[in-house]
Amino acid sequence: MRRTPSRRLLAAALLAASVPAPTAVAPAAVVHAVSIDRYDKGDFPPDGLGPELTSRLDRAIEDVRRQAGIPGVVVGLWMPGKGSYVRATGVADTVTRRPMTTDVFTRIGSETKTFTVTALLELVDDRRIGLDDPISKYIDGVPCGDRITLRQLAGMRSGLFPYTADPDFVRALEGDPSRSFTPQEVLAYGFRHDNTFGPGEMFQYSNTNLVLLGLVVEKVSGLGLADFIHRRVLRPAHLRHTLLPRGAEFPEPHAHGYTDQTLGGEVADTTDWNPSWAWAAGAMISDLRDLRRWAEVVATGTLLSPETQRERLEVLPTGFPGTGYGLGVFETGGWIGHNGSIPGYETVAVHLPSQRATLVIMINTDVFAQGQEPSTLLARAITGIATPDNVYDGQVPPR
């Protein structure tokens with residue numbers, strides 16, 4: 001589901017001019033946040049990073065936001081011993097010009113993969129599955145399923161065709177963004193194609209892998225994926241504002257999202273689009289506080305045994321310079337975590353163990369700028385200033 005850079009740059013210009021195309025999608029159900037203080041005192045500590053560094057970050061973020069045509073940006077950077085930086089800039093709605101705020105919920109796209117793979121790895125720790133089990137042991141009908149392992153699925157080395165690259169799927173999704181897809185429906189789009197390479201031969205980012213892993217979690221646990229993630233991942237990690245929605249529901253407050261992934265390439269408001277097509281690969285919702293905590297959990301392995309965490313962090317080359325991929329997690333410039341992109345929204349949630357630093361970025365567009373994901377441009381600019389010896393350059397496609 002990619003456009004050519006020229007169309008992406010044109011769409012970025014439209015966003016900067018605040019002229020999103022109208023859509024006919026019905027409003028999503030609103031889920032209101034709990035009526036208690038959503039944040040603890042330690043979430044956004046008052047001590048900053050000092051006036052000089054803060055000023056440089058302010059300028060860099062605003063420069064990227066304007067040049068890339070990003071409507072609104074939320075950034076959180078926490079550096080123990082040095083301070084923190086939490087800012088929102090731009091707008092959450094290009095029509096009303098409502099300002100972006102740090103308390104918004106957002107669709108986190110492929111950051112969902114870190115939750116699904118953590119759920120899978122907990123089943124490994126429970127000795128209910130093995131990473132080198134073939135997917136055919138759990139799911140029938142997978143091409144070459146007797147030779148593709150759960151490890152290869154989690155590491156993006158299965159060779160299964162990514163269903164999001166199927167032209168019929170793209171037309172179905174862009175033609176009716178409110179449509180609800182089942183995991184079996186999206187897998188069928190991918191399985192109609194030959195595998196792109198043999199199991200384990202190379203890296204290829206594919207949502208097909210994660211949908212299959214979501215089904216494995218359900219089959220082995222006997223629970224729906226959302227329930228298992230809530231019980232075994234969200235609750236023990238103390239993430240109170242993260243969920244895997246059933247459909248297009250979206251907690252308040254949230255920003256409007258903008259994409260050019262439409263039939264005609266025009267910019268559209270995606271706020272109420274149904275993310276069910278992404279499910280275990282990209283449908284989850286979270287906020288700044290939870291993503292901060294989650295980035296550290298993923299990088300340090302809080303929920304997993306040390307042995308399983310070591311296996312998770314055994315990153316292999318991706319073909320993208322400076323970026324390696326482990327099991328549902330990448331490493332770039334020393335930063336460990338994941339990025340996410342779903343029509344209208346992008347996120348970055350990464351942790352730098354060497355400095356115990358955490359960076360979270362949330363934006364309300366996925367329109368390419370300079371041929372790249374706008375969240376990557378922001379992360380590179382921020383880390384180039386704050387951690388110049390550890391610059392984020394995550395080039396793994398997040399779709």
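Of (1) buried (at least 19 other Cβ atoms within 10 Å of the Cβ); (2) over 22 Å from the mean Cα position of the chain (by Cα), GLY200 satisfies all except one. Which?
Of the numbered conditions (1) buried (at least 19 other Cβ atoms within 10 Å of the Cβ); (2) over 22 Å from the mean Cα position of the chain (by Cα), the odd one out for GLY200 is (1).
Pick from ALA29, ALA24: which is closer than 20 Å to ILE285 by Cβ, of a type in the set (A, V, I, L, M, F, W, C) and at pLDDT below 95? Before you say what the answer is, go through the steps one by one.
Values: ALA24 fails: closer than 20 Å to ILE285 by Cβ.
Only one candidate qualifies: ALA29.
THR358: part of a helix (DSSP H, G or I), at pLDDT 95 or above and surrounded by 22 or more Cβ atoms within 10 Å (Cβ to Cβ), yes or no?
no
With the requirement that a residue be in a loop (DSSP other than H, G, I, E, B) and crowded, with 23+ Cβ neighbours inside 10 Å, what does region 369-389 give you? Before you say what the answer is, go through the steps one by one.
Of the residues in region 369-389, the ones in a loop (DSSP other than H, G, I, E, B) are 370-371, 373, 387-389.
The one that is in a loop (DSSP other than H, G, I, E, B) and crowded, with 23+ Cβ neighbours inside 10 Å: GLU373.
When the residues of region 98-129 are narrowed to those that are assigned to a loop (DSSP other than H, G, I, E, B) and in contact (Cβ under 8 Å) with a residue 60 or more places away in the chain, which ends up surrounded by the fewest Cβ atoms within 10 Å (Cβ to Cβ)?
Initial filter on region 98-129 (assigned to a loop (DSSP other than H, G, I, E, B)): 98, 100-104, 108, 126-129.
This time we only want the ones that are in contact (Cβ under 8 Å) with a residue 60 or more places away in the chain, so: 100-104, 108, 128-129.
Working: MET100: 22, THR101: 13, THR102: 17, ASP103: 16, VAL104: 19, ILE108: 32, ARG128: 10, ILE129: 21.
Result: ARG128.
Under the condition of being in a loop (DSSP other than H, G, I, E, B) and of a type in the set (Ser, Thr, Tyr), which residue from region 303-353 is nearest to the chain's Cα centre (by Cα)?
Taking region 303-353 and keeping what is in a loop (DSSP other than H, G, I, E, B), we get 303-305, 313-315, 318-322, 326-329, 333-334, 343-344, 353.
Narrowing the set further to residues that are of a type in the set (Ser, Thr, Tyr) leaves 305, 318.
Values: SER305: 24, THR318: 18 Å.
Of everything passing the filter in region 303-353, THR318 is nearest to the chain's Cα centre (by Cα).
State which residue is nearest to VAL217 (Cα to Cα) when the search covers only region 255-296 and only residues that are part of a helix (DSSP H, G or I), out of contact with any helix residue (DSSP H, G or I) (no Cβ under 8 Å at 6 or more places or on another chain) and not acidic (Asp, Glu).
Step one: list which residues in region 255-296 are part of a helix (DSSP H, G or I), which gives 275-277, 279-282, 288-296.
Okay, now just the ones that are also out of contact with any helix residue (DSSP H, G or I) (no Cβ under 8 Å at 6 or more places or on another chain), so 276, 288-290, 292-293, 295-296.
Next, from what is left, pick out any that are not acidic (Asp, Glu): 276, 288-289, 292-293, 295.
Numbers: SER276: 17, LEU288: 27, ARG289: 26, ARG292: 25, ARG293: 23, ALA295: 22 Å.
That would be SER276.
For region 309-335, which residues satisfy the criterion of being in contact with a helix residue (DSSP H, G or I) (Cβ under 8 Å, 6 or more places away or on another chain) and buried (at least 24 other Cβ atoms within 10 Å of the Cβ)?
Passing the criteria: ARG312, LEU327, GLY328, TRP335.
Are there any pairs, at least 6 apart or on different chains, whose C-beta atoms fall under 8 Å, with the first in region 308-324 and over 17 Å from LEU123 (Cβ atoms) and the second among the charged types (D, E, K, R) and modelled with pLDDT under 95, and if so, which?
Listed pairs, sorted by first residue: PRO321/ASP393; GLY322/ASP393; THR323/ASP393.
Please find, within region 194-216, the residue that is farthest from THR164 (Cα to Cα) out of those that are part of a helix (DSSP H, G or I) and among the polar types (S, T, N, Q).
Of everything passing the filter in region 194-216, ASN209 is farthest from THR164 (Cα to Cα).
Please go through region 292-302 and pick out each residue that is of a type in the set (S, T, N, Q) and within 19 Å of the chain's Cα centre (by Cα). First the steps, then the outcome.
Pass one, region 292-302, residues of a type in the set (S, T, N, Q): 300, 302.
The answer is THR300, and nothing else.
The values are calculated or read from the model by the stated rules, or taken from the named source; none is laboratory data. What you are looking at is a predicted structure, and each value in this text was computed from that prediction instead of being measured. Positions of Cβ are generated from backbone atoms using ideal geometry, with glycine treated the same way; all protein chains shown enter the neighbour counts.
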